[in-house]
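The values are calculated or read from the model by the stated rules, or taken from the named source; none is laboratory data. Being a predicted model, the structure only gives us computed values, none of them experimental. Here the Cβ positions follow ideal geometry from the backbone for every residue, glycine too, while neighbour counts run over all protein chains shown. Heavy atoms of the whole protein, side chains included, go into the accessibility calculation; ligands, DNA and RNA do not. Shrake-Rupley method; radii C 1.70, N 1.55, O 1.52, S 1.80 Å.
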Amino acid sequence: MNKSTRARLVHGSAAALAATALVLSAPPTHATSASTSVGLPGGNKIAINAWHCALYTNACDWRASTKMSGSRPKKARWIQNRAELEAHGVSVSVSISKNPEASLTMVRKSLGVVRWKNTNASISDTFGQMRPSKGTVYVSTRSCGSAQVTGAIKVSEKCAYAGAS
């Protein structure tokens, strides 16, 4: 084998290794998400986001947020996120973990509601993990947000749904 052929083989092997490393280090893209937004007087915007894993074995990470962007004002008097986390199927249940500042209410064994109201802030985000029981066909996250931006500007609850229809 001559030097030029050997150099092409070494270069080709290095490129293949680099491509493999890139694929293995990329973050997972298997997620279900949704968002909606509301424009406010003065140019601010409120965005409501829902996200959860699309594929899972025993547990599924989830995240929901209500976020205000803009600078008039920079912070809302209060901003709230309410996330409905549900396991779908026949006779299924779900256990839910959440961030410490949020509250969790189990509405039924397959549906939990996580709520957090943040004051003098621009975001209220909640997150955790769902552990659905065997027999669960799919999970869903419905994220609902509301805010009192100023004395005159109030945003009534708007929602984004991530899950099968």
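Summary of values
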quantity	calculated
For Lys109: the one exception among (1) at pLDDT below 95; (2) in contact with a Ser or Thr (Cβ under 6 Å, 6 or more places away or on another chain)	(1)
Entirely in the range 62-156, the strands (runs of 3 or more DSSP E) that have 2 or more residues that are in contact (Cβ under 8 Å) with a residue 24 or more places away in the chain and more than 20 Å from Pro41 (Cα to Cα)	76-88, 94-98, 111-121, 123-132, 138-148
Looking only at the range 37-61, and only at residues there that are part of a strand (DSSP E or B) and open to solvent by 50 Å² or more (accessible area, probe 1.4 Å), the one that is farthest from Gln148 (Cα to Cα)	Asp61
Selection within the range 139-162 - under 14 Å from Thr32 (Cα atoms) and either surrounded by fewer than 16 Cβ atoms within 10 Å (Cβ to Cβ) or among the charged types (D, E, K, R) (or both)	Arg142
Answer residue from the range 90-123, given it is open to solvent by 90 Å² or more (accessible area, probe 1.4 Å) and of a type in the set (Val, Ile, Thr) and is nearest to Cys159 (Cα to Cα) among those	Thr119
